[in-house]
Amino acid sequence: MRFGVLLASGLTLCSAFAAPAQMHHIRPSTMAVVVLPDRATQLYARFSARLTPRGHFWVDQQSQRLRSGALDPSQVTSEAGQGCAGAFAACGGDGDIEGLAFIVLMQATNDQDQDLQNIMAGVKAVNNAKAQLRNQMQAAQQLTAQLINQDTQDLKNKLDSMNEMSEMTSMRLQMAMDRRSKFIEALSNILKKVDESQNSIIKEIK
């Protein structure tokens with residue numbers, strides 16, 4: 001099962017806990033998840049097999065820059081042009097430059113997928129904890145008026161703290177998914193160029 005499907009399922013699960021109007025609740029189920037085509041994975045494996053140790057190190061660096069926002073997806077190809085000579089044993093021109101850019105974008109996308117999984121796990125844990133606190137609040141209502149006031153205030157303070165965490169997590173999730181969408185958009189452009197280059201080579205051979 002592809003991560004895109006898994007993530008979509010996770011997003012649906014996160015919206016399963018219905019929160020009262022006065023409580024903040026993370027509802028990421030409306031966020032679109034783009035699934036990578038099988039051909040992208042195949043090309044990634046083929047291009048990665050040609051990387052030198054220095055190339056692997058360079059790709060890791062560029063992937064981290066992408067994920068941190070220090071490098072824009074539109075700049076990956078120009079960066080690849082400068083790093084291509086050391087990344088492959090022999091850099092064969094535009095095709096290899098595009099291949100190297102493709103590797104960087106794919107690795108950044110894969111790493112971003114892992115980040116999204118971690119964020120979703122955090123979202124689920126927070127929502128579960130909030131559901132438990134709501135149950136405890138309902139149980140507290142059966143106590144005496146004095147205990148209700150004391151326990152309810154304590155639980156309310158905990159919920160307020162978790163509401164702040166939920167808002168921050170929701171923002172992180174949106175930013176991570178927006179960044180991933182940019183990666184995939186740039187990756188698709190590179191994939192198109194790679195296919196065009198290969199088709200051109202095949203025509204010349206024929």
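What are the residues in the range 60-95 that are crowded, with 20+ Cβ neighbours inside 10 Å, within 18 Å of LYS192 (Cβ to Cβ) and in contact (Cβ under 8 Å) with a residue 40 or more places away in the chain, if any?
PRO73, VAL76, THR77
Cβ-Cβ below 7 Å, separation at least six or inter-chain, first residue in the range 98-113 and farther than 17 Å from CYS84 by Cβ, second among the aromatic types (Phe, Trp, Tyr) and surrounded by 24 or more Cβ atoms within 10 Å (Cβ to Cβ): which pairs?
Pairs found: ALA108/PHE183; THR109/PHE183; GLN112/PHE183.
Listed here are the residues, each with its yes/no results for (1) buried (at least 16 other Cβ atoms within 10 Å of the Cβ); (2) modelled with pLDDT of 85 or more; (3) of a type in the set (Asp, Glu).
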{"site": "VAL123", "(1), (2), (3)": "yes, yes, no"}
{"site": "ALA145", "(1), (2), (3)": "no, no, no"}
{"site": "GLN174", "(1), (2), (3)": "no, yes, no"}
{"site": "LEU191", "(1), (2), (3)": "yes, yes, no"}
{"site": "VAL194", "(1), (2), (3)": "yes, yes, no"}
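Test LYS203 against the stated conditions and say whether it is surrounded by fewer than 19 Cβ atoms within 10 Å (Cβ to Cβ), touching a residue at least 60 places away in the same chain (Cβ under 8 Å) and under 29 Å from ASP38 (Cα atoms).
Details: surrounded by fewer than 19 Cβ atoms within 10 Å (Cβ to Cβ): yes; touching a residue at least 60 places away in the same chain (Cβ under 8 Å): no; under 29 Å from ASP38 (Cα atoms): yes.
No: the conditions fail for LYS203.
Here are some conditions: (1) touching an Asp or Glu at 6+ places or on another chain (Cβ under 6 Å); (2) within 18 Å of SER48 (Cα to Cα). LEU100 meets all but one. Which one does it not meet?
(1)
The values are calculated or read from the model by the stated rules, or taken from the named source; none is laboratory data. The model shown is predicted, which means the values in this text are computed figures rather than measured ones. Positions of Cβ are backbone-derived with ideal geometry, glycine not excepted, and every protein chain shown enters the neighbour counts.
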